[in-house]
Amino acid sequence: MIAEVIVDIAASETDRIYDYLCDDDMVVGSRVRAPFGGKTVPGFVMRIKEKSDLPIEKLRKVIPTPDELPALNEECLALAEKLTARYRVPKALTLRLFLPSEMRTGKVRELTRNYATLATPIAEMKLSKTAKNQLGAAEYLAANGKMDCAYLNNMFPGGVAALEKKGYVTITKEQILRDPYKTLDAESVTRVLTEDQARAVDIIRNDERTVQLLHGVTGSGKTEIYLTLIAECLKQGKSSIFLVPEISLTPQMLSQLRARFGKNAAILHSGLSAGERFDEWWRLRTGEAKIAIGARSAIFAPLENLGVIIIDEEHDSSYSSETAPRYNTFDVAFLRAKRNDCKLVLGSATPSVDTYKKAKEGEFSLIRLQKRINKRPMPEITIADMRREVRRGNNSAFSGVLKEELEKCLAADKQAILFLNRRGYSQTVICKECGYVAKCEACDVSLTYHKDENCLKCHYCGMKYNTLPACPDCGGFKLSYAGTGTQRIAYELEKMYPTARILRMDNDTTSGKEGHYKILKTFAEKKADILVGTQMIAKGHDFPSVTLVGILDADMSLHFSDYRSGERTFQLLTQVAGRSGRAEEKGKVVLQTFDPENDVLRFATAYDYEGFYENEISLRAAMAFPPFSKIVRVLVTGEEDKKTLEALRDVYFALEKLYTDNPEKFLFFNKMRAPIKRIQNKFRYQVLMRLCDPSVLPQIYNACAEARTRDVLVSVEENPTNLS
Ligand code: ADP
Ligand code: ZN
């Protein structure tokens with residue numbers, strides 16, 4: 001037999017089907033190893049046929065991989081073909097979406113790990129006081145018992161090895177049972193659905209339309225509706241996909257799912273080790289697990305016979321991929337729902353304007369949940385006018401009313417959440433004498449000061465720089481640290497309330513698989529009084545003791561020059577406010593702004609989604625912004641400016657022709673430097689278009705695929721969430 005094989009090399013030169021000889025029992029979708037040039041490379045069998053157009057003596061033979069099942073099922077293969085055609089990327093790139101990386105690279109799965117146990121009581125060890133890592137590791141082992149060596153080495157580099165040499169510690173190799181969430185406490189509760197919830201489930205079951213939008217205020221019990229739908233599918237032997245924006249941020253959701261569905265649920269997310277991800281994926285592929293839970297990429301779960309697909313927080317920007325192929329999760333979900341003839345449920349308290357428009361016009365079904373469970377009121381939002389604070393001489397990050405409420409909250413032994421979407425200590429370092437701004441050498445952006453590490457960091461590439469003793473340009477000493485970040489807020493809170501326990505959650509404090517989980521757990525157990533954080537804290541968490549939420553800078557996201565900044569601000573504020581007063585106690589929210597009359601803020605404080613939507617949609621219509629048009633950005637990036645410009649010229653030439661041939665389909669067409677001219681040493685240029693007729697999209701994708709070279713990336717972004 002002949003196998004049509006795609007080799008797993010993501011280059012346009014090898015992006016075609018190759019014929020190979022194969023055994024008669026070869027199955028479509030299987031992984032193989034294919035002799036290719038002088039090497040053997042991984043590949044996938046796309047089709048099997050009797051004859052090749054090539055003479056048989058020219059064909060080489062593929063080596064099968066001993067998988068119990070072909071890696072890709074039929075639905076995945078079909079979906080991969082559609083996506084390849086839609087986004088015009090090499091087929092290998094699309095196929096990779098469907099497989100855990102470990103399977104592709106074929107590395108041996110790690111099955112054992114080293115564990116350390118104390119062999120000698122600490123008191124009997126002869127350790128020098130300066131051997132901090134050995135002491136630390138020994139104390140940790142004494143307190144916690146047997147421990148993973150890699151884990152200990154992270155905290156106390158070299159400590160365990162030195163202890164073992166002295167015979168104080170024994171190291172054993174043991175098989176690991178990869179249960180990524182063993183630390184989650186499971187509490188299984190089945191709830192009787194409220195009338196509203198039961199009605200929603202009923203509509204979703206019976207409505208004809210594929211897409212069902214669940215528009216429910218925060219705390220209206222959407223999760224319970226999802227779980228009911230999933231449980232029902234499970235009973236019928238059907239599988240489900242449940243997507244959440246960033247799963248490691250919602251351990252509470254995870255423990256609920258684990259408690260309810262046990263081993264039927266497989267959890268896929270980026271925080272898992274490659275081995276864990278592989279195991280979870282394999283359980284789905286074999287059908288042992290029927291529920292795939294995860295972020296965006298879980299939409300590619302190898303499930304068959306889908307009964308429902310759920311996208312929670314459907315408005316979240318993490319649902320568009322920022323690497324090739326830049327797919328939109330909804331589009332993939334819709335294709336799968338159609339193929340399986342199942343429902344696609346979108347849930348949000350603040351649906352995207354695009355989605356809501358379709359729901360209002362009847363394309364999607366619209367289900368409203370207007371009350372919180374047990375009719376708990378929405379927290380009351382007080383606006384703090386920061387202009388007035390400044391006039392009164394208060395230049396701090398805290399308004400009078402926020403301080404007052406914080407004090408009340410602490411005195412009542414309740415918890416508070418303070419939200420500021422800016423990490424680090426201060427955002428920029430500026431010389432007051434000459435205007436010099438400290439910038440990253442590899443990126444065209446200013447550096448953020450981090451006090452705990454005492455360095456300047458680039459938030460785009462992660463590079464660290466020493467702090468500046470003086471201005472490198474003029475030698476002056478008047479360096480000012482402007483733009484308060486979360487570190488500084490935590491630092492100032494410590495000064496203001498010395499007895500309060502303060503916790504910070506942002507990208508700098510949440511490294512590691514369970515980084516988020518640990519912080520959230522500490523807060524949930526009331527071992528801290530105030531949680532300061534970036535938008536990570538806005539999502540989904542349910543802390544019953546939180547009665548106060550402070551939004552320190554409500555204006556921040558309003559000032560991005562992006563048609564969606566109003567929408568994003570409304571969503572963020574509503575989400576953050578929803579963290580307050582979720583249990584018996586009534587919640588409060590203090591929203592600080594320099595622009596209290598702003599429409600978006602007004603609608604957000606009144607919890608008036610409908611009002612916000614009507615206002616926003618008429619603005620979009622007047623400006624012919626999406627959903628009344630489509631914004632397309634072609635981004636050209638490369639390390640060498642000259643080559644990058646050449647590729648830009650090529651793609652621009654092709655696009656300009658398209659534009660002059662079809663002027664009626666374009667509202668806007670221009671090429672320019674990207675707003676951030678360089679990121680990670682790569683120069684960035686863009687062609688920006690606004691289409692009133694998207695029928696030219698395939699030609700745009702084609703032009704980009706042709707302009708792509710070995711050194712220059714040319715990508716297409718549709719309605720990009722980030723225009724930097
Ligand atoms: P949403 O996802 O809409 O923000 P949640 O699903 O988090 O809302 O529900 C809010 C709270 O109400 C949670 O604490 C949840 O446990 C509780 N809850 C949900 N449904 C019910 C029910 N039918 N009976 C009792 N409590 C419920
Ligand atoms: Zn940088």
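What follows draws every value from the coordinates through simple rules; no lab data is involved. No experiment lies behind these values; they were computed from the predicted model shown. Positions of Cβ are backbone-derived with ideal geometry, glycine not excepted, and every protein chain shown enters the neighbour counts.
Working note: Karplus 6.51/-1.76/1.60 with θ = phi - 60° gives the stretch 309-316 the couplings 10, 10, 10, 7, 6, 4, 7, 5 Hz, where Gly and Pro are set to x. A simple rule links phi to the HN-Hα coupling: the Karplus curve 6.51 cos²θ - 1.76 cosθ + 1.60 with θ = phi - 60°, which for the stretch 712-718 gives 10, 8, 10, 10, 10, 10, 9 Hz, with x for Gly and Pro. The antiparallel fraction among DSSP beta bridges confined to the chain stands at about 55%.
Per the Debye calculation on the stretch 614-720 with a single equal scatterer at every Cα and no solvent contribution, log₁₀ I(q)/I(0) for q = 0.14 Å⁻¹ amounts to -0.55. For the chain, the Cys residues with no second cysteine's beta carbon closer than 4.7 Å are C22, C76, C149, C233, C342, C409, C455, C461, C692, C704. Could you name the aspartates and glutamates in cross-link range of K478, using Cα to Cα under 18 Å and dropping any fewer than eight places away on the same chain? Cα-Cα hits under 18 Å: E433.
Remark: for residue pairs K457/K642; K375/K403; K222/K338; K132/K464; K457/K657; K235/K630, the C-alpha separation exceeds 31 Å in K457/K657; K235/K630. The Kirkwood hydrodynamic radius of the stretch 546-598, based on inverse pair distances between different Cα atoms, is 11.8 Å. Extending 7 Å from the Cα toward the beta-carbon at both C474 and E50 defines two label points whose distance is 8.4 nm.
Checking the Cα-Cα distances for K526/K588; K414/K588; K643/K665 against a 20 Å cut-off, the pairs over it are K643/K665. When the P(r) is computed for the stretch 40-132, the part past 17 Å accounts for 70% of the Cα-Cα pairs.
How would the chain be classified by its alpha-carbon gyration tensor: rounded, prolate or oblate, with rounded meaning a/c under 1.5 and the a/b versus b/c comparison settling the rest? Rounded, because the longest to shortest axis ratio a/c is under 1.5.
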